[in-house]
Amino acid sequence: MSLLILAACWLLFGASHSLLAGHTLERAFGRHARLAFNAIAVLTVTLPLGVWAWLPAQALWSEPEHLRWIRHGVTLLAGLGFVHTLRYYSLPGFLGLRLETWPLTFSPWHRWVRHPWYFLMLVAMWAQPLTDTWLVSALCMTAYLIIGSRMEERRILRFHPESYAEYGRIVPGLLPWRGLALDNATRLRLEAMAAQESARTARG
């Protein structure tokens, strides 16, 4: 029963987070919508995290010592990867501290996978000790990242219907199973297409 409560808390977080990602906050907060969205996300995620921390956790298997060190190494690499991705993002803009518009460009990470942060989150998440409560949390968050990434891409396709659709056919969404999928010539061509789409949107 306790695990069902935990899953319900994650479901509530995912549903509220997805609903607020549309135009709801833009109508209410205007140019501060991004900041409001992030603040609400931090507040709402405290519920499932609090329930997860409160529930007693039961290990699902006896972990060998060498595997524990491998997990720590994988988690560290995911953290370093995230720090490296920040070179290609504007953190104040992402947090909503500064109003910015970003052209559709493809960083070195985006040549491997369409959602680098989601990929790194998945790696870090599944590299944690496997307990019953963490398994439920990881499954819920994995489902949320899959659904959330598709909702995010539907919004991008409204502004970049041709360039992003072609990009999506070339580069995997969450797992870089194709390796370096986007070559430099194609990247430049898609970025030029995206710039033309942005110009058409601005004129129309």
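Observations on the structure shown:
- Condition broken by residue 200, with the remaining ones in (1) part of a loop (DSSP other than H, G, I, E, B); (2) free of Cβ contacts under 8 Å to residues at least 24 places away in the same chain satisfied: (1)
- Residue check, residue 137 surrounded by fewer than 17 Cβ atoms within 10 Å (Cβ to Cβ) and within 19 Å of the chain's Cα centre (by Cα): no
- Note on segment 51-67: among residues that are under 27 Å from the mean Cα position of the chain (by Cα) and free of Cβ contacts under 8 Å to residues at least 12 places away in the same chain, the one that is farthest from residue 125 (Cα to Cα) is 54.
- Residue match in segment 105-128 (condition: assigned by TED's automatic domain parsing to the domain that holds residue 196, more than 19 Å from the chain's Cα centre (by Cα) and either assigned to a loop (DSSP other than H, G, I, E, B) or at pLDDT below 90 (or both)): no
- No other residue among 179, 173, 168 is touching a residue at least 24 places away in the same chain (Cβ under 8 Å), surrounded by 11 or more Cβ atoms within 10 Å (Cβ to Cβ) and within 19 Å of residue 120 (Cβ to Cβ) apart from 173.
- 1 or more residues more than 21 Å from residue 118 (Cα to Cα) and either among the charged types (D, E, K, R) or at pLDDT 90 or above (or both): qualifying helices (runs of 4 or more DSSP H) within segment 31-103: 33-54, 65-85
- Residues within segment 182-197 that are touching a residue at least 40 places away in the same chain (Cβ under 8 Å) and over 21 Å from residue 115 (Cβ atoms), tallied: 1
- Hey, residue 179 out of contact with any Lys or Arg (no Cβ under 9 Å at 6 or more places or on another chain), among the small types (Gly, Ala, Ser), farther than 26 Å from residue 32 by Cα and part of a loop (DSSP other than H, G, I, E, B) or not: yes
The values are calculated or read from the model by the stated rules, or taken from the named source; none is laboratory data. Remember, predicted model here, so these are calculated numbers, not experimental data. Glycine gets a Cβ as well: all are built from the backbone with ideal geometry, and neighbour counts include every protein chain shown.
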